[in-house]
Amino acid sequence: MKVLRRKEGPSLDVRLAALVEATELGAGRLPDGVVAAAREVAGRAGARRELSLEHTVVALAGATGSGKSSLYNALAGRQLADVGVTRPTTSTAQAALWDGDGAGPLLDWLEVPHRHPAGETGDLAGLVLLDLPDHDSIRLSHRLEVDRLVRQVDVLVWVVDPQKYADAALHERYLRPLAGHRDVTVVVLNQVDRLPPAAVDRCLDDLRRLLDGDGLTGVPVLAVSARTGQGLDDLRGLLAERVADRRSWSARLSADVTTAAGHLATDPQATGEPDATGREGTGKRPGGAERGLTEALCVAAGVPVVVEAVAKGHRHRAVVATGWPVTRWLRRFRPDPLRRLRIEAGRGEDVVGRTSVPAASGAQRARVETAIRDVGEAAADGLPGPWAAAVRQAARSRAGELTDAVDRVVATTSAGATRRPRWWRAVNVLQWLVFGALLAGALWLGVLFAMDYLRLPQPPLPTAGEVPWPTVLLLGGAVAGVLIALASRLAAWLGGRRRARRTAKALRTAIAQVGRELVLEPVDAELATYARFTEAVTVARG
Ligand SMILES: Nc1nc2c(ncn2[C@@H]2O[C@H](COP(=O)(O)OP(=O)(O)OP(=O)(O)O)[C@@H](O)[C@H]2O)c(=O)[nH]1
Ligand SMILES: [Mg+2]
């Protein structure tokens, strides 16, 4: 039977690189064991590729007494291994070499010191046959050696006997987990000489049924007898094919990479297959939760308080700048509502210290936390467990910086609202002119009053119509001053409202930006990592 080979798809090199990348991306997010196993596969694959590719390492594995050593001797054509009656017999692996030149480093890597040349080379040149200890051994060292070599060899020949072929330990511990290694697995039913001919087929059928259950449909199953030599030619022919092919090593590594990538994926969704949300691991974050976050941050940052202070502060300063000079000074005794929040012009990014906007209440803070959680949940929806957890964690990762960052943008964004409109200055000049007229009128009338009191002759009094000019100046100045003040107040009220609206909008934009930077960007980064991971896993799976 030919080794099944994929004609298309990425090369082993590319898949190996993808596995390494997926492993690095998954580290710290996926369970440590899975990541370590994938790393080990990548390391092993790298090592095997550096060693002789001219040799094919085939291991005879199986339970004690199944006849591994007997088969090993039969294939080698020499009594290399002890075949015993006391079980278990073989305690360390040994190798038979068919043209073993250059296989030294490979066997060193396999940690198999006992090496023997096989009887005759023939068409098996390049075969390195390993006789393993028993996998189900009462000796731990046997099991460890088997487990190690089962991971390292190119082709696995599982030797079973008619009594123990259904052994649960073999199927559950080895065959089922190696279902992905179909292309490099062979099953040999040994000792068929001990069965009546009619029972052999029944036994083979049953064995095949079990292997199908293990996910090993289609693997070669051979009936042999190490004692009589029955079926040995078929086994030899199959091995000769694998050896000539020189591809088992890459088929083995390919299966390893596929299996490791499958474990990294943890579930089907991680492979980039469409998930429940149809997001297909594209790294996109569903919208929606973003607005809730901005809203919660605005409220917690005291935006309504600041906006009200902007309007009130504007009116306050307008009165100080444009009010009636007779009464405006009284305003100075009242504090500027915006300055009271320590928001003033000239506050830049470099200003240290916080505004005096009241700190967020417990309920407001809780609302922010809920909004952050909602962002995390929405982004994590439909992702496999560990990645969902990583995304949720990413949403929270910079939450501690939010309060200060939001306060900073509140300070810098609202500081613009303290700018003085130019008309205030013009109105101020006008107010003082009008006030000057009032003073002039008062002074004039005062002089007239004094002259009258002293019975001095009255100078001629110019009039505007019937009313004397000093009176016009005094009363006109007073009325005009008050009217200008009232008109300015109205304008300031409208200006304050407009400013408050603009500030509210600017604050919202700036706070949304903070939310994006500190909450959404980490989430997006994690989703991008997940997208790269799924892509790498897909490539690695081949
Ligand atoms: N009848 C019969 N007996 C066999 C056959 N193959 C092996 N045996 C016998 O089965 C017993 C175990 O053989 P081994 O080759 O030592 O078995 P093993 O799998 O190497 O056993 P461990 O080294 O303990 O793991 C020996 O007594 C062999 O003679 C066979 O094909 N037919
Ligand atoms: Mg043995």
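The values are calculated or read from the model by the stated rules, or taken from the named source; none is laboratory data. Here the structure is a predicted model, which means the values were calculated and not measured. Note that we place each Cβ from the backbone using ideal geometry, even for glycine, and neighbour counts take in every protein chain shown. With ligands, DNA and RNA removed, areas are computed over all heavy atoms of the protein, side chains included. Shrake-Rupley method; radii C 1.70, N 1.55, O 1.52, S 1.80 Å.
With the simple model of a label 7 Å out from the Cα in the direction of the Cβ, Asp381 to Asp82 spans 6.8 nm.
Name all residues of region 113-137 having a backbone nitrogen under 12 Å from the label point set 7 Å from the Cα of Ala169 along its Cα→Cβ direction, giving them as ranges. Answer for this model: 134-137.
Put a plus charge on the Cβ of each Lys and Arg, a minus charge on the Cβ of each Asp and Glu, and nothing anywhere else: the dipole of region 154-205 about its Cα centre is then about 140 debye.
Under the convention that each Lys and Arg Cβ holds +1 and each Asp and Glu Cβ holds -1, the size of the dipole of region 104-148 around its Cα centre is about 140 debye. The trypsin sites (Lys or Arg not before Pro) found in region 55-147 that occupy coil by DSSP, while having at most 15 further C-beta atoms within 10 Å, are Arg78, Arg139. Over all directions, the projected convex hull of the C-alpha atoms in region 172-272 averages 7.8 nm² in area. Between Leu140 and Arg227, the C-beta separation translates, for a Förster distance of 51 Å, into a calculated FRET efficiency of about 0.95.
Taking the Cα centre of the chain as reference, the dipole from Cβ charges on Lys and Arg (+1) and Asp and Glu (-1) amounts to some 4760 debye. In the assembled protein chains, Ser488 presents an accessible area of approximately 10 Å² (probe radius 1.4 Å). Between the Cα long axis of helix 521-541 and the first principal axis of the chain there is an angle of about 20°, rounded to the nearest 10. The listed residues Trp469, Trp387, Trp249, once ranked by accessible area (1.4 Å probe) with the largest placed first, stand as Trp469, Trp249, Trp387. Once both labels are positioned 7 Å from their Cα atoms along Cα-to-Cβ, the gap between Ser91 and Leu483 label points is 12.0 nm. Largest accessible area first, the residues His114, His142 order themselves as His114, His142 under a 1.4 Å probe with ligands, DNA and RNA left out. Per the Debye formula on identical point scatterers at the alpha carbon atoms of region 5-70, with no solvent, log10 I(q)/I(0) at q = 0.24 Å⁻¹ is -1.02.
Taking the DSSP beta bridges with both ends in the chain, the antiparallel portion is around 20 percent. What a 1.4 Å probe finds exposed on the chain is 56% carbon and sulfur by accessible area, rounded to a whole percent. Considering the dipole of region 381-439 built from charges on the beta carbon (Lys and Arg +1, Asp and Glu -1) around the Cα centre, which of Ala411, Gly382, Leu430 is farthest to its positive end? Result: Leu430, furthest along the dipole toward the positive end. Angle of helix 423-453 to the longest C-alpha principal axis of the chain, folded into 0 to 90 degrees and rounded to 10: 20°.
On the beta carbon distance between Arg532 and Asp32, with R0 = 22 Å, the FRET formula returns roughly 0.60.
Once all protein chains are placed together, Thr403 keeps about 90 Å² accessible to a 1.4 angstrom probe. Taking all protein chains into account, the per residue accessible area for the chain stands at 49 Å² (1.4 Å probe).
The label point for Leu330 and the one for Arg508, both projected 7 Å from the Cα toward the Cβ, are 3.8 nm apart. When the alpha carbon gyration tensor of the chain is reduced to an equivalent ellipsoid, its three semi-axes come out at 97, 18, 17 angstrom, largest first. Applying 1/(1 + (r/R0)^6) with r as the Cβ-Cβ distance of Ala244 and Arg115 and R0 = 22 angstrom yields a FRET efficiency of 0.50.
Among His314, His263, what's the order by accessible area (1.4 angstrom probe), most exposed first? Please list the in-between numbers first.
Values: His314 5, His263 115 Å².
From most exposed to least exposed: His263, His314.
On a 0 to 90 degree scale, rounded to 10, what angle separates helix 32-50 from the longest Cα axis of the chain? So the inclination is approximately 60 degrees.
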